[in-house]
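Inspection log for the structure reproduced underneath, given as structure tokens.
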Amino acid sequence: MTLKQFIKRIFLIEIMQGMALTLKMMFTHAVTRQFPEERRDPIPGFRGRHAFVRDSKTGKEKCIMCMKCSTVCPSQCIYISKQKREEDGKFYLAQFDIEALRCIFCGYCVEVCPVCALVLTEEFEYSAYTKEEIYFTREKLLANWDEFAAKQKVETYFNKFWRPEGLDTSKMTKFKREQGPVLLKPGAATPEAAQVPAEKETA
Amino acid sequence: MQSEKEITTKYLTLNMGPQHPATHGVLRLVLDLDGETVVKCTPHIGYLHRGMEKWSESRTYPTAMPLMNRLDYVAAVANEIGYCVAVERLLGVEVPERAKYIRTMTAEMVRICSHIIWLAAHAIDIGAMTVFLYSMRDRETLLDLFEMLCGARLLHIYPRIGGVRCDVSQEFLDGVYKFTDKFPKLIEEYETLIDQNRIWFQRTKGIGVIGAEEAINLGLTGPTLRGSGVAYDIRKVSPYDAYDKVEFDVPVGKNCDVYDRYRCRMDEFRQSNRIIRQCVEKLPDGLVLNPDAPGLDMLPGPIKKAAPVPAPEADAVPVMSPAGPAFTEIYSATEVPKGELGYYIVSDGTGKPYRMRIRTPSFMHISALPRFCEGNLVADVIALIGTIDIVLGECDR
Ligand code: SF4
Ligand code: SF4
């Protein structure tokens, strides 16, 4: 044992260094967030609760019943049913349910939707006491959007998974390519937000 | 008076886990003890079995991807990249340069996350509480960056077959660069606490010594193997993504004990930091997803265009079968934080895998655990579970 080692051993040098560090840390600011009182804004693009974008023109959802989202959903938790209307023979969306308890929040449904009808909002606190509350029917999905929109401070909203950056857009649908920010508050419609998908008219 | 020889003793069987906090998940060890010495150690696994391999056979390649991050959930992106690399090699899909760099960067970020969790758990198991707190603080920075990148903190679902899902923002790159600036100082902080600490020395030095040859025979990989003095790293021996375009060293241990494995991982922190920095600096422009790659809505039926002809650099072997579709098989390995993660996929030319088998490092490491434990004290079992760095989600799949 050299003298240096001996001194280290006797005077607990390395332990003292560690203690000095912890002592220093006592005088730095705390990094812990006191959650319910102290909140952080979710970062844009966070994948949270689902919602149907409420079209500012029609006041309804934009879904064209293409079934892409339910096909691609990895946990198969989207149930869609389309039915033929007696009077004019056109199809309408009879049921659109998302079972959020089984959802893994991958955002695939948002990405494949050709008309950007679905969105995973930045809302993440929606725990409930019953299963039914987290079983999103079509009305609930629209209500989720309203609730989300009401909380936002800005006028328009664009989800980054509608048209991810850095991808080749030539294979996307025209609607997706031209999708701009949507209006959060009903009222004066901007030209890009007021588009109605052309495919919607097909019988 | 009885002499000591006349007293009959018998082994005590002790159940460690599955709810033991130091077993890093639901691992059950049945220990036969002679006094405080472990005579026999039998690991019991399977508490977290979710049937991933079978389940992925019923999903198309892109939709099976979100499942892969459930393997090693503390390093989700690394597992997804491993899967994507395997499928790309199988289907012969090219990845754009920019995507390669982004993938390398995220894989290294997640390596830091995973090693931080390992360090925190390892230290708290041995008794150093402060390291746990400090390292969790720094992991938070990375998780925030991941949230900015892809909207999720833990289960990212970020890569796609043929690239990544979305481009990185300038804000993200700035954040990452800032992190790499300050991270070396933070590593020093952890080291100040335990690196020379005499208690840490006593708990780790000379414990769990496994020589190089035996380590290879046991199937150890990753830092667990490198701590035993074998410089084997898939990122070096068969580079994927952008690992052949960045500079980094492979830290290797000398004494093959728990302390050297700890040193190895601490050095990997610095190497990962170096890789991330280089990736940010060299990041080329361009698309991040190959437009010809199978999209999310890939059909489960036979793949039409350009059938699964593997790229020449991939070592896929076509297997002849008497009738039916042309089978192709591939084994593709990537270096995840825990070791070598291999995907063995048999394809029958459709959009679904015919059979998929996942070679996970944790499974191999747990099978080596009896060798590590036998002859050591009970208290060392905790240190030994820490040193092989296991995640049970990956082991049981
Ligand atoms: S986020 Fe993923 S799992 Fe959830 S509904 Fe959409 S596609 Fe399905
Ligand atoms: S992908 Fe979009 S348009 Fe198609 S069914 Fe789903 S929500 Fe409706």
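The values are calculated or read from the model by the stated rules, or taken from the named source; none is laboratory data. The structure presented is a predicted model; accordingly, all values stated were derived computationally and were not measured. Positions of Cβ are backbone-derived with ideal geometry, glycine not excepted, and every protein chain shown enters the neighbour counts. When the accessible area is computed, the model is the full protein with side chains, heavy atoms only, and any ligands, DNA or RNA have been set aside. Shrake-Rupley method; radii C 1.70, N 1.55, O 1.52, S 1.80 Å.
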- Task: Give the accessible area for B:TRP55 in Å² (nearest 10); use a 1.4 Å probe, count only protein heavy atoms, and leave out ligands, DNA and RNA.
- Result: 90
- Task: Report, as an integer, the average count of C-beta atoms from other chains found within 10 Å of each Cβ along A:101-108.
- Result: 5
- Note on the structure: Expressed in µm² per second, the diffusion coefficient of region A:1-84 from the Stokes-Einstein equation, with Rh the Kirkwood radius over alpha carbon pairs, at 10 °C and 1.306 mPa s, is 78
- For region B:11-21, in order, what is each residue's ³J(HN,Hα) by Karplus, 6.51 cos²θ - 1.76 cosθ + 1.60 with θ = phi - 60°, in whole Hz (x at glycine and Pro)? 5, 9, 9, 10, 9, 10, x, x, 9, 6, x
- Provide a whole-number value for the mean count of partner chain Cβ atoms within 10 Å of the Cβ atoms in peptide A:158-170. 5
- Return the distance in nm (one decimal) between the two label points of a simple spin-label model at A:PHE6 and B:VAL237, each offset 7 Å from Cα along Cα→Cβ. 4.8
- Item | Exposure ranking of A:LYS90, B:LYS40, A:LYS174, B:LYS338 by accessible area [1.4 Å probe, largest first] | A:LYS174, B:LYS40, A:LYS90, B:LYS338
- In terms of solvent-accessible area of protein heavy atoms at a 1.4 angstrom probe, what is the ranking of B:GLU329, B:GLU247, highest value first? B:GLU247, B:GLU329
- Report the relative contact order of region A:65-146, percent, no decimals, based on alpha-carbon pairs under 8 angstrom and at least 6 residues apart. 28
- Task: Only helices at least 15 Å long along their axis, Cα-based, and averaging 0.5 or more on Kyte-Doolittle count here, so list those DSSP H runs from chain A.
- Result: A:13-25
- For B:VAL336, the residues 5 or more places away or on another chain with a placed amide H closer than 5 Å to its own amide H are B:LEU341
- Query: Accessible area per residue of the protein assembly as shown at 1.4 Å probe, in Å²?
  - Reply: 46
- Counting alpha carbon pairs within less than 8 Å and at least 6 residues apart, what relative contact order, in whole percent, applies to chain B? 27
- Taking placed amide H atoms and a strict 5 Å upper bound, the residues 5 or more places from A:HIS50 or on another chain that come that close are A:THR121
- Task: State the percentage of accessible surface on the protein assembly as shown attributable to carbon and sulfur atoms; use a 1.4 Å probe and exclude ligands, DNA and RNA.
- Result: 57
- Task: Kindly sort B:LEU149, B:LEU218 by accessible area of their heavy atoms, largest first, with the probe set to 1.4 Å.
- Result: B:LEU218, B:LEU149
- Message: Using a 1.4 Å probe on the protein heavy atoms only, what accessible surface does B:ASP297 show? Give it in Å² to the nearest 10.
- Response: 80
- Task: Would you tell me the accessible area of B:GLU6, worked out with a 1.4 angstrom probe on the heavy atoms of the protein chains, in Å² to the nearest 10?
- Result: 110
- What angle do you read, to the nearest 10 degrees and between 0 and 90, between the alpha-carbon axis of helix B:76-91 and the longest principal axis of chain B? 50
- Message: How tilted is helix B:97-126 with respect to the longest principal axis of chain B? Cα atoms for both, answer in degrees (0 to 90, nearest 10).
- Response: 20
- Hey, what's the Kirkwood Rh for the protein assembly as shown if you take every pair of different alpha carbons, in angstrom? 26.5
- May I ask you to order A:2-14, B:100-112, B:226-238, B:361-373 by the average number of other C-beta atoms within 10 Å around their residues, highest value first? B:100-112, B:361-373, B:226-238, A:2-14
- Item | Label point distance in nm, A:GLU38-A:GLN83, each placed 7 Å from Cα along Cα→Cβ | 5.3
- Per-residue mean of C-beta atoms belonging to partner chains within 10 Å, peptide B:130-136: 2
- Message: List residues of region B:356-394, by number, whose backbone nitrogen lies under 12 Å from a label position 7 Å along Cα→C-beta of B:ASP34.
- Response: B:375-376
- Jot down the radius of gyration and Dmax of chain B, Cα atoms only, both in angstrom. 22.2, 88
- Query: Between the DSSP loop rule and a limit of at most 10 other Cβ atoms within 10 Å, which GluC sites (Glu not before Pro) in region A:33-88 are left?
  - Reply: A:GLU37, A:GLU38, A:GLU86, A:GLU87
- Item | Translational diffusion coefficient (Stokes-Einstein; Kirkwood radius from C-alpha pairs) of region B:1-157 at 37 °C, 0.692 mPa s, in µm²/s | 172
- Task: Put one equal scatterer on each alpha carbon of chain A, apply the Debye formula with no solvent term, and list log10 I(q)/I(0) at q = 0.11 1/Å to two decimals.
- Result: -0.60
- For region B:136-204: relative contact order, % (alpha-carbon pairs under 8 angstrom, 6 or more apart): 23
- Message: Within region A:5-118, count lysine pairs with alpha carbon atoms under 21 angstrom apart where the residues are 8 or more positions apart or belong to different chains.
- Response: 12
- Item | Area hidden from solvent between B and A (accessible, protein heavy atoms only, 1.4 Å, total, Å²) | 3300
- Among all cysteines in chain B, which have no other cysteine Cβ under 4.7 Å from their own Cβ? B:CYS84, B:CYS113, B:CYS150, B:CYS166, B:CYS256, B:CYS264, B:CYS279, B:CYS395
- Query: Cysteines without a disulfide-compatible partner in chain A, using Cβ under 4.7 Å as the rule?
  - Reply: A:CYS63, A:CYS66, A:CYS73, A:CYS77, A:CYS103, A:CYS106, A:CYS113, A:CYS116
